[in-house]
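The values are calculated or read from the model by the stated rules, or taken from the named source; none is laboratory data. Keep in mind that what you see is a predicted model, and the values were worked out from it rather than measured. Ideal geometry is used to build each Cβ from the backbone, glycine not excepted, and the neighbour counts take in all protein chains shown. For the accessible areas, the whole protein counts, side chains as well, though only heavy atoms, and no ligand, DNA or RNA atoms are used. Shrake-Rupley method; radii C 1.70, N 1.55, O 1.52, S 1.80 Å.
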Amino acid sequence: MGAPHGHRLHFHGHSPLHRAPAHHKVAGLITFMLVVVATPVPWLPAFAAYAALLAVLVALSGVPVPYLARRMVVETPVLMFAALLPFVATGPQVAVLGLSLSEPGLIAGGGLVMKATLGVLASLLLAATTDPRDLLIGLERLRVPVQLVQIMGFMVRYLDVVSDELRRMKTARESRGFTASNPRHWPVIGRSAGALFIRSFERGERVHLAMISRGYDGSVRR
C-alpha cells in the first residue's frame, strides 16, 4: 500500500483511478493530449484549466507529487530546446533581463513548455496508475495492432533486464577507477552504449529463436 510495486513507473494503489479500465484511461489520455496540442498558445485560461484537471486527478489517484516530480526529468531535453528558441528564432525582438530575444521564439518556447509539461505529467499519471499488463490488455481492446502490442510487451518485460545489464557495466567501469567527470570520457560511454546495444540485440535473437523452437507463429496464445 502506497509503495512502488511492479514496474518502476507503476505506483501501487487502490484509488478510483487505479481501478478504472485501462483502455478508458488510454483513450482519455490520447483525447487530452490532442486537445492540449490543438489549443492555441495565447489561450492561457485553457491551459490553466488543463493543469487544474491534472491536479484533481493526481489528488484522486493518491500518487505522491514528489514521485511524479522525480520522473518529470524526462522532459529535460524539451525544456532545453524551448530555452534555445528565443535566441535562434527570427522576428521582432524584445528585451528581457538585458537580453534581446525573439518575441515569436518566446511565445513558441512558452507554448512548448506548457504543452510538453501537461503531456508528460498526464502520461506519467497513466503509467503510475496502470499496471503494464493491464495497459497491454487495454491497447488490445482499443484494436492496436497485435504485433505492436507484443513488441511493447517484450519491451516492458525485458526493460529491467537491460537496465540490470547497464548497471553491471557501470559497476565494472567504476571498479576499475573510471568516472565520467569530463567530456574526454564520453567516448568510453559511447563504446559502453554500443556494447549494450549488441548484447541486447543478441539477447533478442536468442529469445526469438527460442520462441520459434516452441511453435511461435506471430500470435500469442492465452
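Here is a yes/no grid of residues against (1) in contact with a helix residue (DSSP H, G or I) (Cβ under 6 Å, 6 or more places away or on another chain); (2) within 26 Å of residue 10 (Cβ to Cβ); (3) modelled with pLDDT of 80 or more; (4) in a helix (DSSP H, G or I):
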{"site": "120", "(1), (2), (3), (4)": "yes, yes, yes, yes"}
{"site": "123", "(1), (2), (3), (4)": "no, yes, yes, yes"}
{"site": "177", "(1), (2), (3), (4)": "no, no, no, no"}
{"site": "210", "(1), (2), (3), (4)": "no, no, yes, yes"}
Determine which member of the set 128, 108 is of a type outside the set (S, T, N, Q), closer than 30 Å to residue 12 by Cα, touching a residue at least 12 places away in the same chain (Cβ under 8 Å) and surrounded by 14 or more Cβ atoms within 10 Å (Cβ to Cβ). 128
Does the range 74-102 hold any residues that are open to solvent by 100 Å² or more (accessible area, probe 1.4 Å) and either of a type in the set (Phe, Trp, Tyr) or closer than 17 Å to residue 11 by Cβ (or both), and which are they? 81, 87
Would you please list the contacts, defined by Cβ atoms under 8 Å and residues six or more apart or on different chains, that run from a residue in the range 42-56 that is in contact (Cβ under 8 Å) with a residue 24 or more places away in the chain and over 18 Å from residue 129 (Cα atoms) to a residue that is among the aromatic types (Phe, Trp, Tyr) and surrounded by 12 or more Cβ atoms within 10 Å (Cβ to Cβ)? 50/32
State yes or no: is residue 89 in contact (Cβ under 8 Å) with a residue 12 or more places away in the chain and in contact with a strand residue (DSSP E or B) (Cβ under 8 Å, 6 or more places away or on another chain)? yes
